[in-house]
Amino acid sequence: MATATKTQAKRSASLTGAAGEAKRRAARTDALKAQQDDTVTVDGAKKAGAKAQAEHRAPNGAVKAGAARPARAKGNGALDGAVPMTSALPEGSASGEGAQALSVAARSNEPEVARPDYWDKACADLVKRDRILKKLIPKFGPVHLMSSDDPFVTLARSVVGQQISTAAAQALWQRVESACPKLVPQQFLKLGHEKLAACGLSKRKTEYILDLAQHFVSGALHVGKWTSMDDEDVIAELTAIRGIGRWTAEMFLIFNLARPNVLPLDDLGLIQAISVNYFSGEPVTRSEAREVAANWEPWRTVATWYMWRSLEPS
């Protein structure tokens, strides 16, 4: 009898232990599920923050490519009214292009020039539908994008400025201007490798600029048709040239053709500005940046320009 009672007690204890373990396992499962739910909630909230900016998309009535052209700023500067600030990347990375460059628009000391035809309408639309640009656009007053009318100079100067600081790029370009005052493709070809290299250009950049000049001289580029070609078609033609990647082509669309709806997602300055202005400085993926920018269409160039401006020291 005592043995039977003892055995029953052991069995009860065993059952109690099993029940306890099952209960603990269920509790762990519930805790894990709750943790996963929290993760989903946080991740969803982050995405919703960007999505909220994109809920009122503009119609697809973008300004016809090349229809709006601003008056040319004074001087031969390829990026008049803007200073490209490139990160120090190894030469040859990103197809020889400063693809991760910071293009920070700088205030121009030149007299006021005519705005792009679409600029005021773009600003008015962006202020109405975007809470961040509603604050940024009035902050900077009557400023706007200025462009260069010379396609070759724009591209050549972009190549010179790849992968180096703004100050270094400007110093190099001044030497190039001194060596080749006319700044036309034929003169660059006449100058040749040695004299261009003597300006301080690397061997690779010298090759890139001479290849660019040869493309212009040979007629391989449809320069006269660029103003009427779609953005992607212009990019495809430009990126076929050595040393010109998508970022450089997009900068050309912005600063030479003054296209209204360019979104240079390879630009660190744009990504940084979106992070600061829309995500409280948290890291931003290209997908999240694209989602925020969906609310800017068809004026992504204008919004990008103000994003760059927002990074300027106050």
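Kindly indicate the residue of the stretch 257-314 that is acidic (Asp, Glu) and modelled with pLDDT under 95 and also nearest to the chain's Cα centre (by Cα) among those meeting that condition. Looking at the filtered set, the residue picked out is Asp267. Counting only residues that are in contact (Cβ under 8 Å) with a residue 24 or more places away in the chain, of a type in the set (S, T, N, Q) and in contact with a Pro (Cβ under 7 Å, 6 or more places away or on another chain), the stretch 246-286 holds 2 of them.
Within the stretch 189-201, the presence of a residue that is surrounded by fewer than 21 Cβ atoms within 10 Å (Cβ to Cβ), modelled with pLDDT under 90 and of a type in the set (D, E, K, R) is excluded.
Taking the listed residues Leu191, Leu183, the one that is in a loop (DSSP other than H, G, I, E, B) and over 24 Å from Arg286 (Cα atoms) is Leu183, with no other qualifying. Taking the listed residues Gly243, Gly200, the one that is closer than 18 Å to Gly161 by Cβ, without any contact (Cβ under 8 Å) to a residue 40 or more places away in the chain, of a type in the set (Gly, Ala, Ser) and assigned to a loop (DSSP other than H, G, I, E, B) is Gly200, with no other qualifying. From the list Glu250, Glu207, the lone residue that is of a type in the set (D, E, K, R) and either under 19 Å from Asp150 (Cα atoms) or outside any helix (DSSP H, G or I) (or both) is Glu250. Note on the stretch 203-240: residues that are of a type in the set (D, E, K, R), surrounded by 14 or more Cβ atoms within 10 Å (Cβ to Cβ) and more than 20 Å from Gln163 (Cα to Cα) total 3.
Summed over the stretch 147-157, the residues that are touching a helix residue (DSSP H, G or I) at 6+ places or on another chain (Cβ under 8 Å) and either within 20 Å of Pro260 (Cβ to Cβ) or at pLDDT below 85 (or both) give a count of 4.
Would you confirm, using the coordinates I've provided, whether Asp233 is assigned to a helix (DSSP H, G or I) and free of Cβ contacts under 8 Å to residues at least 24 places away in the same chain? Break it down into steps so the answer makes sense when it comes.
On the way: assigned to a helix (DSSP H, G or I): yes; free of Cβ contacts under 8 Å to residues at least 24 places away in the same chain: yes.
The answer is yes for Asp233.
The values are calculated or read from the model by the stated rules, or taken from the named source; none is laboratory data. Keep in mind the model is a prediction, meaning the values are calculated, not measured. Cβ sites come from the backbone with ideal geometry, for glycine too, and all protein chains shown count toward neighbours.
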